[in-house]
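Accompanying notes for the structure given below.
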Amino acid sequence: MPISIDDKMKREIIIDHYNSPVYKKTPANVKDFLQIHMDSVSCIDNIYIYLKIENNIIKEAYFDGVACAISTASTDILCGLILNKSKEEALYILEQYQNMIFEKEYDESVLEEAVVFSNTYKQAARIKCATIGCNGMKEIIDGKK
């Protein structure tokens with residue numbers, strides 16, 4: 001069933017994940033994580049993404065660094081969505097998220113709170129912010145990093 005969230009609630013969810021991100025930290029045992037550095041020339045975004053994958057399952061997901069509200073909130077939400085998922089399930093979720101951002105058909109049922117970014121396409125300058133974490137996660141999971 002699609003989640004119905006009005007614009008005010010979308011903003012509140014984004015601000016909540018920006019002010020109090022659940023997954024924003026550098027893990028103490030960083031050497032046990034696959035990681036990637038992501039940054040943007042058009043925004044302050046400069047983050048590291050850390051994933052621990054064991055037996056094809058994403059056991060831990062974090063990010064750290066400096067980022068705008070959109071990057072921080074989207075990366076935080078996506079970390080939660082891919083946690084305890086197989087690599088294939090995580091890639092599917094990330095693909096659906098990108099499809100939503102780029103106005104393609106997508107499976108809303110796997111996106112949960114990430115649907116707050118459904119109108120990002122209306123602000124082209126924010127697309128990079130909304131996808132920087134997603135792109136990094138995909139690169140790690142795909143084995144490109």
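The values are calculated or read from the model by the stated rules, or taken from the named source; none is laboratory data. Bear in mind the structure is a predicted one, so any value in this text is a computation, not a measurement. Don't worry about glycine lacking a Cβ; one is built from the backbone with ideal geometry, like all the others, and counts go over all protein chains shown. For the accessible areas, the whole protein counts, side chains as well, though only heavy atoms, and no ligand, DNA or RNA atoms are used. Shrake-Rupley method; radii C 1.70, N 1.55, O 1.52, S 1.80 Å.
Worth a mention:
Each row is one residue, and each column tells you yes or no for (1) open to solvent by 10 Å² or more (accessible area, probe 1.4 Å); (2) in contact with a His (Cβ under 9 Å, 6 or more places away or on another chain).
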| position | (1), (2) |
| --- | --- |
| HIS17 | yes, no |
| VAL22 | yes, no |
| THR26 | yes, no |
| ASP39 | yes, no |
| ASN46 | yes, yes |
| TYR62 | yes, no |
| ILE82 | no, no |
| LYS85 | yes, no |
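- Long-range neighbours under 8 Å by Cβ, at least six apart or interchain, first residue β-branched (Val, Ile, Thr) within the range 4-27, second in a loop (DSSP other than H, G, I, E, B): ILE13/ILE5
- Count of residues meeting criterion [at pLDDT below 95, small (Gly, Ala, Ser) and within 17 Å of ASN99 (Cβ to Cβ)] in the range 114-145: 2
- Residues in the range 88-120 that are closer than 19 Å to ARG11 by Cα and open to solvent by 80 Å² or more (accessible area, probe 1.4 Å): GLU112 only.
- Qualifying residue in the range 32-49 (condition: in contact with a Phe, Trp or Tyr (Cβ under 9 Å, 6 or more places away or on another chain) and under 25 Å from GLU108 (Cα atoms)): yes
- Exactly one residue among LYS31, LYS52 is farther than 20 Å from GLN123 by Cβ and either open to solvent by less than 80 Å² (accessible area, probe 1.4 Å) or of a type in the set (Phe, Trp, Tyr) (or both), and that residue is LYS52.
Quick grid of which residues meet (1) touching a residue at least 40 places away in the same chain (Cβ under 8 Å); (2) out of contact with any Lys or Arg (no Cβ under 8 Å at 6 or more places or on another chain):
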residue	(1), (2)
ASN46	no, yes
ILE58	yes, no
GLY65	no, yes
ILE70	yes, no
ILE77	yes, yes
ALA90	yes, yes
ILE101	no, yes
CYS134	yes, yes
